[in-house]
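S.K.: Quick one: the structure is below, questions incoming.
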Amino acid sequence: MGRASARRPIVRFDLGDGAVSRRPDTLAAEEPLEIRVGRAPLAVTMRTPGDDLDLAVGFLLTEGIIGAAGDVRTAQLCAGDASPNTYNVVDVTLADGVAPPVTDPTRNFYTTSSCGVCGKASIDAVRTRSRHAVADDPVRFAAPLLASLPARLRAAQPGFDRTGGLHAAGLFTASGELLCVREDVGRHNAVDKVIGWAVRGGRLPLTGHVLVVSGRASFELTQKASMAGIPALVAVSAPSTLAVDLAAELGLTLVAFARGTTMNVYAGVERVAQT
């Protein structure tokens with residue numbers, strides 16, 4: 001199972017037949033990851049261990065600190081202060097000429113697994129520093145294809161099958177090819193891992209692609225898609241008002257409640273063809 005999951009003892013009650021049993025259960029792992037830039041602490045996020053370099057690079061991209069793979073010289077796992085060492089630290093060295101991040105008291109750099117960095121600085125970042133105009137992306141998507149993507153994402157979630165406690169994000173092409181899937185206790189972390197995979201592979205901007213997420217569509221996930229140049233975001237459940245407003249403002253296609261043969265398009269419907 002590795003560090004992505006772990007076994008814990010439980011007592012199971014079956015109220016139907018009155019049986020009580022003891023057995024181990026598999027849980028999703030949650031550990032802190034400290035992200036450093038030039039050895040200086042920048043953020044701590046609660047995440048599921050695995051794909052940590054992708055997570056750190058994706059976080060820097062979606063927070064507007066970097067804009068492309070060339071902005072990063074190195075990214076490496078480092079020995080932390082814990083004993084035994086857990087390698088819960090990633091240190092990123094920026095390329096020459098890339099300005100280091102400036103910490104701002106208006107933003108909260110401790111993030112939980114349920115909510116990432118979503119303060120004023122992040123809101124300003126997506127509106128003023130994104131290098132990609134998703135509104136100009138001419139891609140079109142077939143409605144049946146978009147509606148089918150959440151089920152295909154779910155089929156590619158081995159961690160969820162084991163634990164029932166991991167969110168997922170997947171990157172698809174406009175023709176429906178699945179390029180990358182990442183799982184994490186935090187939906188925003190799963191998205192950062194996918195985007196970091198794309199950054200480190202030199203695939204930006206992600207024009208003509210679709211980001212699919214389990215669960216809801218938040219402002220933060222809409223922001224992250226835009227920062228990576230992704231023109232469409234598909235969610236299994238509801239969007240927030242701010243996510244819809246931001247998608248409409250940026251020209252991003254936002255689809256939610258995509259389940260089986262139905263889905264709701266909240267913004268960017270001009271990209272969606274019925275057949």
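The values are calculated or read from the model by the stated rules, or taken from the named source; none is laboratory data. Because the structure is a prediction, the values reported are computed rather than measured. Virtual Cβ from ideal backbone geometry, glycine too; neighbours counted across all protein chains shown.
S.K.: Quick check, is Leu211 at pLDDT below 95 and either part of a loop (DSSP other than H, G, I, E, B) or buried (at least 20 other Cβ atoms within 10 Å of the Cβ) (or both)?
M.R.: Numbers: at pLDDT below 95: no; either part of a loop (DSSP other than H, G, I, E, B) or buried (at least 20 other Cβ atoms within 10 Å of the Cβ) (or both): yes.
So Leu211 does not fit the description; no.
S.K.: Now, a different point. Which residues, counting only those in the stretch 184-208, are outside any helix (DSSP H, G or I), within 15 Å of Thr45 (Cβ to Cβ) and either modelled with pLDDT of 95 or more or not small (Gly, Ala, Ser) (or both)?
M.R.: Scanning the stretch 184-208 gives Asp184, Val185.
S.K.: Still on this model: Please determine whether any residue of the stretch 73-88 is of a type in the set (A, V, I, L, M), modelled with pLDDT of 90 or more and touching a helix residue (DSSP H, G or I) at 6+ places or on another chain (Cβ under 7 Å). Even if it seems obvious, please write down each step before you answer.
M.R.: Start the filter on the stretch 73-88 by keeping residues that are of a type in the set (A, V, I, L, M), which leaves 75, 77, 79, 82.
Filter once more, so that each one left must be modelled with pLDDT of 90 or more: 75, 77.
Within this subset, residues satisfying the condition of being touching a helix residue (DSSP H, G or I) at 6+ places or on another chain (Cβ under 7 Å) are 75, 77.
Yes, there is a match, as at least one residue in the stretch 73-88 is of a type in the set (A, V, I, L, M), modelled with pLDDT of 90 or more and touching a helix residue (DSSP H, G or I) at 6+ places or on another chain (Cβ under 7 Å).
S.K.: Could you please find all residues in the stretch 214-237 being part of a loop (DSSP other than H, G, I, E, B), modelled with pLDDT under 95 and farther than 13 Å from Leu153 by Cα?
M.R.: Answer for the stretch 214-237, where residues must be part of a loop (DSSP other than H, G, I, E, B), modelled with pLDDT under 95 and farther than 13 Å from Leu153 by Cα: Arg216, Ser218, Ser237.
Conditions tested, residue by residue: (1) farther than 21 Å from Arg3 by Cα; (2) not small (Gly, Ala, Ser).
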residue	(1), (2)
Gly18	yes, no
Asp25	no, yes
Glu30	no, yes
Thr74	yes, yes
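S.K.: Going through the stretch 1-27 one residue at a time, which ones are farther than 17 Å from Val185 by Cα and small (Gly, Ala, Ser)?
M.R.: Gly16, Gly18, Ala19, Ser21
Let's see how each residue does on (1) without any contact (Cβ under 8 Å) to a residue 12 or more places away in the chain; (2) of a type in the set (A, V, I, L, M, F, W, C); (3) crowded, with 16+ Cβ neighbours inside 10 Å; (4) farther than 25 Å from Ser226 by Cα:
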position	(1), (2), (3), (4)
Arg7	no, no, no, yes
Leu27	no, yes, yes, yes
Asp52	no, no, yes, no
Leu55	no, yes, yes, no
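S.K.: Shifting gears a bit: Taking the stretch 158-206 on its own, how many of its residues are without any contact (Cβ under 8 Å) to a residue 12 or more places away in the chain and acidic (Asp, Glu)?
M.R.: So the count comes out to 2.
S.K.: Just a yes or no: is a residue in the stretch 226-247 free of Cβ contacts under 8 Å to residues at least 40 places away in the same chain, of a type in the set (Asp, Glu) and under 27 Å from Val199 (Cα atoms)?
M.R.: Within the stretch 226-247, one or more residues are free of Cβ contacts under 8 Å to residues at least 40 places away in the same chain, of a type in the set (Asp, Glu) and under 27 Å from Val199 (Cα atoms).
S.K.: Hey, another quick one. Restricting to the stretch 1-50, and then to whatever is among the basic types (Lys, Arg) and under 30 Å from Gly64 (Cα atoms), can you tell me which residue is farthest from the chain's Cα centre (by Cα)? Full working, then the answer.
M.R.: Here is the first cut: in the stretch 1-50, the ones among the basic types (Lys, Arg) are 3, 7-8, 12, 22-23, 36, 39, 47.
So of that shortlist, the ones also under 30 Å from Gly64 (Cα atoms) come out as 3, 36, 39, 47.
Details: Arg3: 19, Arg36: 19, Arg39: 24, Arg47: 11 Å.
Across the stretch 1-50, the extreme among qualifying residues is Arg39.
S.K.: Can you tell me which residues in the stretch 1-26 are under 20 Å from Glu183 (Cβ atoms) and either in the same structural domain as His167 (by TED's automatic domain parsing) or of a type in the set (S, T, N, Q) (or both)? Don't jump to the end; show me each part of the working.
M.R.: Within the stretch 1-26, the subset under 20 Å from Glu183 (Cβ atoms) is 1-8, 25-26.
Passing the criteria: Ser5, Thr26.
S.K.: Next up: Tally the residues that are acidic (Asp, Glu) and within 25 Å of Val134 (Cα to Cα), restricting the search to the stretch 155-182.
M.R.: First pass over the stretch 155-182, keeping only residues acidic (Asp, Glu): 161, 177.
Filter once more, so that each one left must be within 25 Å of Val134 (Cα to Cα): 177.
Final tally of qualifying residues: 1.
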